[in-house]
1. Are any residues in the range 86-125 under 19 Å from residue 15 (Cα atoms) and more than 15 Å from the chain's Cα centre (by Cα), and if so, which ones?
2. Exactly one condition in (1) out of contact with any Ser or Thr (no Cβ under 8 Å at 6 or more places or on another chain); (2) modelled with pLDDT of 95 or more; (3) farther than 27 Å from residue 150 by Cα is not met by residue 103; state its number.
3. I'd like to know if the range 43-65 contains one or more residues that are modelled with pLDDT under 95 and under 19 Å from residue 106 (Cβ atoms).
4. With the condition kept exactly as written, say whether any residue in the range 62-70 is under 15 Å from the mean Cα position of the chain (by Cα) and over 26 Å from residue 140 (Cα atoms).
5. Condition check: surrounded by 12 or more Cβ atoms within 10 Å (Cβ to Cβ), out of contact with any His (no Cβ under 9 Å at 6 or more places or on another chain) and assigned to a helix (DSSP H, G or I). Does residue 93 satisfy that?
6. Please give the strands (runs of 3 or more DSSP E) falling wholly within the range 1-74 in which 1 or more residues are over 14 Å from residue 96 (Cβ atoms) and touching a helix residue (DSSP H, G or I) at 6+ places or on another chain (Cβ under 9 Å).
7. Please go through the range 1-23 and pick out each residue that is basic (Lys, Arg) and within 10 Å of the chain's Cα centre (by Cα).
8. Could you tell me whether any residue of the range 121-138 is over 30 Å from residue 69 (Cα atoms), of a type in the set (Ser, Thr, Tyr) and either at pLDDT 95 or above or out of contact with any helix residue (DSSP H, G or I) (no Cβ under 8 Å at 6 or more places or on another chain) (or both)?
Amino acid sequence: MKTVVSDTSPIRYIVAIGEAELLPRLFSTLIIPYAVFQELNHPHTPGIVRRLMASAPSWLDVRQIKGIPIPAALAHLDAGEQEAIILAEQMQADLLLIDEKKGRYSAIERGLPVIGTLGVLELAARRYPLDLAGLFDTLLRTNFKVSPSLLAAVLKRHENREH
């Protein structure tokens, strides 16, 4: 089984668009640091996400990072991103789910393999009969931010893979 650590936004947005079941189908277990758990329970987080966190899904494993100071190279990131990167390093994760550009760059610089919300949805659409364009349309009705060119590139890559 692969070790997959997640930051807040991939879980938040996939749950918000009503596709929470994709996460355990794709990854069996998602490991999150406590700071991400707190962010997923924040009052400004959509109610659907907070309700899922309150039910403590069996596929979600909340961990404390082992007591090390936050490296200066990660100081520009929020707590969830910092802890997700550190936890992924500590666990030698096979994959880190993270969206925010600065966090992704920091994780990649540290040698971590990363994928974001769009990549998770693309992976799901490769494995299961899903309408990726429809999922992206639903995602864009949230406050998810993505460049139109990136969205188009992912859809084109997916369409080319299908043919």
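The values are calculated or read from the model by the stated rules, or taken from the named source; none is laboratory data. All figures in this text were calculated on a predicted structure; none of them were measured in a lab. Cβ placement follows ideal geometry from the backbone for every residue including glycine, while neighbour counts extend to all protein chains displayed.
1. 125
2. (3)
3. The answer is yes, given that some residue of the range 43-65 is modelled with pLDDT under 95 and under 19 Å from residue 106 (Cβ atoms).
4. Checking the range 62-70: at least one residue is under 15 Å from the mean Cα position of the chain (by Cα) and over 26 Å from residue 140 (Cα atoms).
5. Details: surrounded by 12 or more Cβ atoms within 10 Å (Cβ to Cβ): yes; out of contact with any His (no Cβ under 9 Å at 6 or more places or on another chain): yes; assigned to a helix (DSSP H, G or I): no.
No, not satisfied.
6. Details: elements: 4-6, 30-33, 60-63.
Strands (runs of 3 or more DSSP E) meeting the threshold: 60-63.
7. Matches in the range 1-23: 12 only.
8. yes
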